[in-house]
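Undergrad: Mind looking over this structure? Questions follow.
Each value in this text was obtained by applying a stated rule to the coordinates, not by laboratory testing. Remember, predicted model here, so these are calculated numbers, not experimental data. Glycine gets a Cβ as well: all are built from the backbone with ideal geometry, and neighbour counts include every protein chain shown.
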Amino acid sequence: AEEGGSGEEVGGHSLLISEVVNARLEGRKLLQYRVSGELRLVSPAARPGTSEFRFRLRNAHRIEQVKVNDKFVKANDGMYTVSLPPTRDPKPLPLMKYVASGRWRPVPVYVDAEAAEAAGGGGGRG
């Protein structure tokens, strides 16, 4: 298993994708391949007000299963809206987990995100 990650910034927050690749080989033959990942929000500091942003996954046809953190994320026709309450604790927040189709190697998952200003929050386009 190999783990990797990449990120994007939106509205002062960073989005981090962390993936785990499990592959089983016999000689040079690939017998089994599976990628699972998690999209996390990392805030650089406490959020005194609420904030909201939206994102969409490009290449979503390469994803077999998606489980969103429905406490903060709402899904609607391929668009995900994240509503964040104020917090004093800037710890990473899991937004979604996914399992990619074994047909795609590597699995290029891209996140397109934009921030929207919410009452009491400061957002911009990211």
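Undergrad: Sort 22-32, 36-46 for me by packing, meaning the mean count of neighbouring Cβ atoms within 10 Å per residue, highest on top.
TA: 36-46, 22-32
Undergrad: Sort largest first and round to whole Å: the equivalent ellipsoid semi-axes of the range 9-110, each the square root of five times a Cα gyration tensor eigenvalue.
TA: Semi-axes from the Cα gyration tensor: 31, 15, 10 Å.
Undergrad: Using only Cα atoms, what Kirkwood radius does the range 42-100 have, in angstroms?
TA: Answer for the range 42-100: a Kirkwood hydrodynamic radius of 12.6 Å.
Undergrad: Still on this structure: Please identify which residues in the range 60-80 have an amide N closer than 18 Å to a label point set 7 Å out from the Cα of residue 101, following the Cα→Cβ vector.
TA: 60-67, 78
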